[in-house]
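For reference, the structure is listed below as structure tokens.
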Amino acid sequence: MRFLISWVGRLIFAVAVAATARAAEPGTRSADMQRAIAQFHAFHVGAIEGEIARAPQELLPDPNTAQRWAASVHADGSWADIDYTSQARSGWAPLGHWQRMRAMVITAARLNAGEQGRAELLDATHQAFGYWIAHDFQCPNWWYNEIGIPKEVGAVALLLGEELQPMELAYTTGVSLARYPIRLTGQNKVWLAGNALMRGLLLGDEAIVREAADAIWSEVRVSTTEGIQPDFSFHQHGPQQQFGNYGLSFAVETARWALILRGTDWQLADEQLAVFRRYLLDGQAWVSWRGAMDVSACARQLMPRAPRSKTATAARVMQQAAEFDPAEAKAYRAFVARNQTGAPNDLVGDRYFWRSDYLVHRRPAFCATLKMSSNRVIGAEVVNSENLAGYHTGDGVLLLYRDNGEYENIFPVWDWRKLPGVTCVEGPLPSFKTAAVPRDFVGAVTDGEDGCAVLDYQRDGVRAKKSWFFAGDTIVCLGAEISGPADAVTATTLNQSLLRGDVTVRRGTAVTTVSAGRHDLAGVSEVEHDGWRYTFLDGGELKLQTGAVTGNWHRVFDNPEAPTADVTKDIFLLWLDHGRGSSATHYAYRISPVAANDVSVRVLANSATMQAVALSGNKTAVVFWSAGEFELPDRRRIAVSEPAVVLVGPKTLRVVDPAQKLRTLRVTVDGQTREVQLPEAGLAGTAVEMEAR
């Protein structure tokens, strides 16, 4: 090995060597152990016993880039362009040292013995391994030390196979993978257990592998703490929706180990497979639209191209699931197909994740998502200087997608006080660690096709009773009893997206195209932009701003990976100005694709006590802010004994307690009263269905 071992490296070696003395020789490993190691290799490289058997399950590194890294490594095993002294808590530069090593060893593994470049790649990998052993760099963020770096170290060691040298084995199994036991919950536990499993494979220790595999599979369960929720959303860092962050990593790691351990005594059991299947198909599948993950599902990771890269990752997971769960291969591959450029959408419906205050409304031609928060659900967090501007991202953000480019990389230039759907004050954002709407009456009712969501909003001196009605191709948005502080303007934003094409407005019968700039839209009844029509029904002063806005990624996340250059984009921003010191004001507006024109969807009530909309298909949704009675368009009368949300059809009625506190509720239909037992525990907030006669 062509590197110098410092006294630190010698000390590490002395401590670690005893831990590796019992490592099994390749010929003495059990059949299960050999199979798992071969499948680990195949997962990352796509080769078994030297022959390319099939494509790898992870993206392969670019061979030319790997060769350049091999050529540029210093004699001591370091790279000049990596800041090994970095104290960043995210985007920690030294992680790149191991990512380059993994790329080099994978590239070498795909070359035959003696093939040009293979020896240079392996030599550079050993040099880089030695440099790290000599310094054992540590990050201020525990995650890199306990999870991120050991995960890379273990992978490189296993992929080196017989090329792994004694010093490297000793460091990997006796130090890097041995320092931190399996602990924590949710995806953090899965990561730690995965590291322990790699240690067991390297040592040939079946007891370690068994313990680690059991720990991974123990998290593939429905829980009301962290992890997979009863609605098949995913929580981490408390009750917080994490589809695109920890939840996506959970899907990646679970699928990875399901493939690697397939056919061994440690494989994923049928019971856990059934849970994981539901998480993928009833959870993850709903939050990607035409190749990009919903911004509101990305959690705090709003980085360049994050929604697209996350859906690409989810698609690889679905492809992997089709291999170890072939009975549902058609459904997994449907996700991949519908997220290809230009593909039609075949997943249609209205789904509410009651554990996460999050609704997805999917139509053949568009998708709308609504992210709320409450006393039960955290709406946003700042961790490691990520999501610095996301104070309002859980405040009723309504995002609209047709082709998925509406909000692409918009984050540096967004006015984060005017997020789509949100009612709040204008002005600078406060700093925060976590944010949520501190109210209970937050939830939704849905029949799987249409739905109604409600948010009792109260933050920073602003109060509003807000509701959204999703009826086929139409969305009706209502606000009542809106009040705000005297020293700030309160506003409700209809949308803030990239400017794509002309903006037209209708006053009476006159339709005109609006020039760039800021406009007061007095007397305007409709605004059209990018295939959407916004119909203004009532309340507030309608305002529009279009044109260039300049911002910087460091407003959004601040680490060494954040682009430093300013960003300028053309923006479409449409909002209602409620003024300063607003009191008991209201609004009503409708959003639909330009081609849609469902006249049956209409507002029936919008007050402090009741909000109601007639939906398509002879259905009506009613928000009872207090106990009361409402007459439906067909003259039936519905009454509830407590605040509730009701969705009534010709034959059935669904009722929900959004506060998730009631055990029973009296519902009266045309004078006939029924005592309804409401769901509890993990199902609290779901609907009870009954006859509507």
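Things to note:
- Any hit, region 156-179, residues being assigned to a loop (DSSP other than H, G, I, E, B), among the hydroxyl-bearing types (Ser, Thr, Tyr) and on the phi < 0 side of the Ramachandran plot: no
- Complete set of residues in region 598-623 that are assigned to a strand (DSSP E or B) and over 22 Å from Gly448 (Cβ atoms): Arg602, Val603, Leu604, Ala605, Asn606, Met610
- Lone qualifier among Val454, Val437, Val476 - being part of a strand (DSSP E or B) and either within 24 Å of the chain's Cα centre (by Cα) or outside the structural domain of Phe557 (by TED's automatic domain parsing) (or both): Val454
- A count restricted to region 585-602 and to residues that are among the β-branched types (Val, Ile, Thr) and modelled with pLDDT under 90 stands at 1.
- Within region 110-151, being in a helix (DSSP H, G or I), more than 22 Å from Met198 (Cβ to Cβ) and without any contact (Cβ under 8 Å) to a residue 24 or more places away in the chain holds for Arg118, Ala119.
- Strands (runs of 3 or more DSSP E) enclosed by region 484-551 - at least 3 residues per element that are exposed (fewer than 14 other Cβ atoms within 10 Å of the Cβ) and out of contact with any His (no Cβ under 7 Å at 6 or more places or on another chain): 510-513, 517-520, 541-551
- Only residues that are surrounded by fewer than 22 Cβ atoms within 10 Å (Cβ to Cβ) and part of a loop (DSSP other than H, G, I, E, B) were counted in region 220-230, giving 5.
- Top-ranked residue in region 328-362 [being acidic (Asp, Glu) and within 28 Å of Thr225 (Cβ to Cβ); ranked as surrounded by the fewest Cβ atoms within 10 Å (Cβ to Cβ)]: Glu328
- Tallying residues that are within 33 Å of the chain's Cα centre (by Cα) and part of a strand (DSSP E or B) within region 656-676 yields 1.
- Filter pass, Phe335 being assigned by TED's automatic domain parsing to the domain that holds Trp257 and at pLDDT 95 or above: yes
- Looking only at residues of region 565-584 that are at pLDDT 95 or above and either loosely packed, with under 13 Cβ neighbours inside 10 Å or touching a helix residue (DSSP H, G or I) at 6+ places or on another chain (Cβ under 9 Å) (or both), we find that the one that is nearest to Glu528 (Cα to Cα) is Thr568.
- Test result for Val252, surrounded by fewer than 22 Cβ atoms within 10 Å (Cβ to Cβ), within 22 Å of the chain's Cα centre (by Cα) and under 23 Å from Thr313 (Cα atoms): yes
- In summary, strands (runs of 3 or more DSSP E) completely within region 269-383 and bearing 1 or more residues that are polar (S, T, N, Q) and more than 29 Å from Trp217 (Cα to Cα) occur at 367-371.
- Among the numbered conditions (1) modelled with pLDDT of 95 or more; (2) hydrophobic (A, V, I, L, M, F, W, C); (3) within 30 Å of Ser385 (Cβ to Cβ), the only one that Leu59 does not meet is (1).
- Of the residues examined, Gly154 is not one that is among the small types (Gly, Ala, Ser) and surrounded by fewer than 18 Cβ atoms within 10 Å (Cβ to Cβ).
- For region 255-301, the set of residues classified as among the charged types (D, E, K, R) and either crowded, with 24+ Cβ neighbours inside 10 Å or within 21 Å of the chain's Cα centre (by Cα) (or both) consists of Arg256, Arg277, Arg278, Asp282, Arg290, Asp294, Arg300, listed by residue number.
- Residue identified as touching a residue at least 12 places away in the same chain (Cβ under 8 Å) and either more than 30 Å from Asn384 (Cα to Cα) or surrounded by fewer than 21 Cβ atoms within 10 Å (Cβ to Cβ) (or both) among Arg89, Arg100: Arg89
- Subset of region 484-516 (residues that are over 29 Å from the mean Cα position of the chain (by Cα) and of a type in the set (D, E, K, R)): Asp487, Asp502, Arg506, Arg507
- Filter result (in contact (Cβ under 8 Å) with a residue 24 or more places away in the chain, touching a Ser or Thr at 6+ places or on another chain (Cβ under 8 Å) and of a type in the set (Lys, Arg)) within region 422-465: Arg439
- For region 201-219, the count of residues that are in contact (Cβ under 8 Å) with a residue 60 or more places away in the chain, within 26 Å of Tyr401 (Cα to Cα) and either not assigned by TED's automatic domain parsing to the domain that holds His41 or not β-branched (Val, Ile, Thr) (or both) is zero.
The values are calculated or read from the model by the stated rules, or taken from the named source; none is laboratory data. Small disclaimer: the values here were computed from a predicted structure and weren't measured. Note that each Cβ is placed from the backbone with ideal geometry, even for glycine, and that neighbours are counted across all protein chains shown.
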